[in-house]
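The values are calculated or read from the model by the stated rules, or taken from the named source; none is laboratory data. In this text the structure is predicted, and so the values were computed from the model without any measurement. Positions of Cβ are generated from backbone atoms using ideal geometry, with glycine treated the same way; all protein chains shown enter the neighbour counts. Side chains are part of the model used for accessible areas, which takes the heavy atoms of the whole protein and leaves out ligands, DNA and RNA. Shrake-Rupley method; radii C 1.70, N 1.55, O 1.52, S 1.80 Å.
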Amino acid sequence: MAKLVALCKRRGIAFPSSEIYGGIGSTYDYGPYGVEIKNSISRLWWQEMTLSHDNIVGLDSATILHPKVWEASGHLAHFTDPLLDCKNCKSRFRADEIDVAKCPVCGMTGTLTEPRMFNLMYKANQGPVEDVENIVYLRPETAQGIYLDWQIVQETARLKVPFGIAQIGKAFRNEITPGNFIFRTREFEQMEMQYFVRPGETGPALEYWKEQRWNWLLSFGVRPEKLRWHEHEKLAHYARAAWDVEYEFPFGWSELEGIHDRSDYDLSAHQRVSGKDMQYFDPTTNERYIPHIVETSAGLNRTMLMLLCEAYREDVQAGEERIYLSLDPRVAPIKAAILPLVKKDGLAELAEQIYLKLRGRWPLFLDIQGSIGRRYRRMDELGTPFAFTLDYQTLEDGTVTVRWRDTLQQERISKDRIGEYLTEKLGERI
Ligand code: GAP
């Protein structure tokens, strides 16, 4: 992890936020290349979860919802973690993560307080006056926005059960023990899809989505032995069944994403508290019912961390240590580098011409300065799959070398075929 965290900072992928003020505890900013990775993952998730299904559409709901939402959803009462303090070293823990007999930091026995339940909701005040009357909460999951809007979405998109609504957006949790870099932070992004089915049909939907999500993760080249299923015995307050996909991170097996049977828990709760009819009218059978819901809930930042952990590689090339990210080209922040071997003899100008012709179709990097070895290393550390190098032969026959990041194999292609080559390998960007 330490090596990956250092690489992310060195290469502008992700780094601590507010650093000039000493940081603000497990809060990260995503630099130019981190943004590209994150955007690629969310774009691929969106493509998989909405564009590839006729019956799943998107939504972008507000982050701050009516406070009653959180009363109805049960988050105000139940979205808590058990918190413990060590009276000796003042460290703080989640009771469900440690052996409560002994403080894991100072090693003293009998110094841990009794657990007290700590609510994870972030509070704010809406409007100019700070008052208990105008407390609002930052959403701890994107799902509730979907539940509030499901009828207008269903009507306007003319959907019939079963159908899904997908959303990507920020969520906030005042975590007791954030950590492990971007694995658990207080501000993060979720990619959630709520699938609405007839009562009694959550079982097959859960199985279907488990398979879909698993296959999506494998499509990135993740080694299957690094993934496993974990069925929850202790369920969240809203869940009737819950499965996590776990990944073996460098700090151990941990939750990557979840698939939950939420039954009619949320919609019934909103119907009860708001007084609004949350039923669906089935035009084919003339039935009215509250749909049941299966959700798939993934963390964007956590998916990114998993892909970075999977991609991190070290090898030795020509006696020199090399670090590279073997990222799926679809998520590599830069898809190709255009590199003149030297700056002189018209090679830099020619490289710039090629770059300008292709710019805008994919994120490309034109790198003219410095030794070619250094430029390759920089691209390898960012996981750039292809490097097109212009050399003296380019001036003679118009060909460039293509260097593939992982094997370092090189081939020569015409400089006029670079766009075609990238389209073949990467497809057009969606
Ligand atoms: N709507 C259901 C829900 O929110 P969850 O298991 O609490 O379920 C879903 O969260 C996913 O969101 C997790 O599997 C994880 O990927 C991500 N996630 C949750 N808390 C997180 C945090 N503090 N930091 C980063 N990602 C988090």
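Scan the stretch 87-103 and tell me whether some residue there is within 30 Å of residue 195 (Cα to Cα), surrounded by fewer than 16 Cβ atoms within 10 Å (Cβ to Cβ) and of a type in the set (A, V, I, L, M). Within the stretch 87-103, not a single residue is within 30 Å of residue 195 (Cα to Cα), surrounded by fewer than 16 Cβ atoms within 10 Å (Cβ to Cβ) and of a type in the set (A, V, I, L, M). Criterion first (of a type in the set (A, V, I, L, M), within 15 Å of the ligand (Cβ to nearest atom), open to solvent by 10 Å² or more (accessible area, probe 1.4 Å) and in contact with a helix residue (DSSP H, G or I) (Cβ under 7 Å, 6 or more places away or on another chain)) does residue 241 satisfy it? Taking the combined requirement at face value, the residue satisfies it.
Out of the stretch 245-304, which residues are more than 15 Å from the ligand (Cβ to nearest atom), in a loop (DSSP other than H, G, I, E, B), farther than 23 Å from residue 168 by Cα and modelled with pLDDT of 95 or more? Scanning the stretch 245-304 gives 250, 275, 276, 277, 278, 279, 286, 290.
The set of residues in the stretch 159-199 that are modelled with pLDDT of 95 or more and among the small types (Gly, Ala, Ser) comprises 164, 166, 169, 171. The number of residues in the stretch 338-367 that are open to solvent by less than 40 Å² (accessible area, probe 1.4 Å) and either in contact (Cβ under 8 Å) with a residue 40 or more places away in the chain or hydrophobic (A, V, I, L, M, F, W, C) (or both) comes to 13.
Against the conditions (1) open to solvent by 10 Å² or more (accessible area, probe 1.4 Å); (2) in contact (Cβ under 8 Å) with a residue 40 or more places away in the chain, residue 83 satisfies every one except (1). The set of residues from the stretch 84-103 being part of a loop (DSSP other than H, G, I, E, B) and not polar (S, T, N, Q) comprises 87, 89, 90, 98, 99, 100, 101, 103.
Residues in the stretch 6-29 that are open to solvent by less than 50 Å² (accessible area, probe 1.4 Å) and either part of a strand (DSSP E or B) or closer than 19 Å to residue 310 by Cβ (or both): 6 in all. Applying the criterion of at least 1 residues that are open to solvent by less than 30 Å² (accessible area, probe 1.4 Å), within 10 Å of the ligand (Cβ to nearest atom) and within 25 Å of residue 242 (Cβ to Cβ) to the strands (runs of 3 or more DSSP E) found wholly in the stretch 104-217 leaves 163-172, 187-197. Yes or no: residue 312 open to solvent by less than 60 Å² (accessible area, probe 1.4 Å), more than 16 Å from the ligand (Cβ to nearest atom), at pLDDT 95 or above and under 30 Å from residue 148 (Cβ atoms)? When the stated conditions are applied, residue 312 does not pass them.
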